[in-house]
């Protein structure tokens, strides 16, 4: 693995972070390869397409709104990156802060796989939907 | 990328799964922090070992199934299916990811991510 490759992964990770912080679902999905898959720990038998992921992101804003990242720590490795993040948002029952882990696989200049680990009870207790 | 962090984690898993707390202790820095996403709090080393001691009393079997370890500059990330069989017969079978920070040959921080409701069968709180 060359330094140039790690540099390119770092650039993709920075683009991903910027897209996530923008909360622009099209920009976020634009970081994914067309055949990318998105997997959640709480639905381990399902894998979502980029279009389905976009829908999940948009739906989450309906009950978990004014989203903002209060933490985003990225670990690079030759196959992609790992992100430890905390997403805060408003819900019908108040402010909710949900820490999660995202494991991204990168090939070329796109993310080909995302695996996310959440604790669904945090959002469910606040009256918002998963995701 | 240096895989030594993952090698330490691989070796650390053995006493964990074998319930050998003394051997586990040898892999952990004195400044260790253990953090669980579903508990929202961190434990120091002594608290962690006490917590593990209590947990092992109700866990008949623990396995990290299909473990995949990824080396990072800070240490290692392990993804696996956490399988537990409780003394009372309950089963946990849930995806889990653990971020290990390794420095100077010791594990310094363990961040565990799992879906809290998937652990209901353990009856373990904190």
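Is the stretch B:79-89 home to any residue that is more than 13 Å from the chain's Cα centre (by Cα) and either surrounded by 15 or more Cβ atoms within 10 Å (Cβ to Cβ) or at pLDDT 95 or above (or both)? Within the stretch B:79-89, one or more residues are more than 13 Å from the chain's Cα centre (by Cα) and either surrounded by 15 or more Cβ atoms within 10 Å (Cβ to Cβ) or at pLDDT 95 or above (or both). In the stretch B:70-98, which residue that is under 18 Å from residue A:105 (Cβ atoms) and assigned to a loop (DSSP other than H, G, I, E, B) is nearest to the other protein chains (Cβ to nearest Cβ)? Among those that are under 18 Å from residue A:105 (Cβ atoms) and assigned to a loop (DSSP other than H, G, I, E, B), it is B:72. When the stretch B:13-27 is filtered for residues that are surrounded by 17 or more Cβ atoms within 10 Å (Cβ to Cβ) and more than 16 Å from residue B:55 (Cβ to Cβ), only B:27 remains. Among the residues making up the stretch B:99-120, those that are surrounded by 16 or more Cβ atoms within 10 Å (Cβ to Cβ), part of a strand (DSSP E or B) and more than 9 Å from chain A (Cβ to nearest Cβ) are B:100, B:101, B:102, B:106, B:107, B:108, B:109, B:110, B:112. Return the residues of the stretch B:99-121 that are without any contact (Cβ under 8 Å) to a residue 60 or more places away in the chain and within 11 Å of the chain's Cα centre (by Cα); say none if nothing qualifies. Within the stretch B:99-121, B:99 is the sole residue that qualifies.
Which ranges mark the helices (runs of 4 or more DSSP H) fully within the stretch A:16-131 that have 1 or more residues being touching a residue at least 40 places away in the same chain (Cβ under 8 Å) and within 14 Å of chain B (Cβ to nearest Cβ)? Don't jump to the end; show me each part of the working.
Working: elements: A:25-29, A:50-63, A:120-125.
So the answer is A:120-125.
Answer yes if at least one residue in the stretch B:46-69 is within 11 Å of another protein chain (Cβ to nearest Cβ), under 21 Å from residue A:73 (Cβ atoms) and in contact with a strand residue (DSSP E or B) (Cβ under 7 Å, 6 or more places away or on another chain), and no otherwise. Scanning the stretch B:46-69, I find at least one residue that is within 11 Å of another protein chain (Cβ to nearest Cβ), under 21 Å from residue A:73 (Cβ atoms) and in contact with a strand residue (DSSP E or B) (Cβ under 7 Å, 6 or more places away or on another chain), so the answer is yes.
Using the structure shown, decide if residue B:65 is over 26 Å from residue A:99 (Cα atoms), at pLDDT 95 or above and surrounded by fewer than 16 Cβ atoms within 10 Å (Cβ to Cβ). Break it down into steps so the answer makes sense when it comes.
Values: over 26 Å from residue A:99 (Cα atoms): no; at pLDDT 95 or above: yes; surrounded by fewer than 16 Cβ atoms within 10 Å (Cβ to Cβ): yes.
The answer is no for residue B:65.
The values are calculated or read from the model by the stated rules, or taken from the named source; none is laboratory data. A quick note: this is a predicted structure, and the numbers were derived from the prediction, not measured. Please note: Cβ atoms are built from the backbone with ideal geometry, for glycine as well, and neighbour counts cover all protein chains shown.
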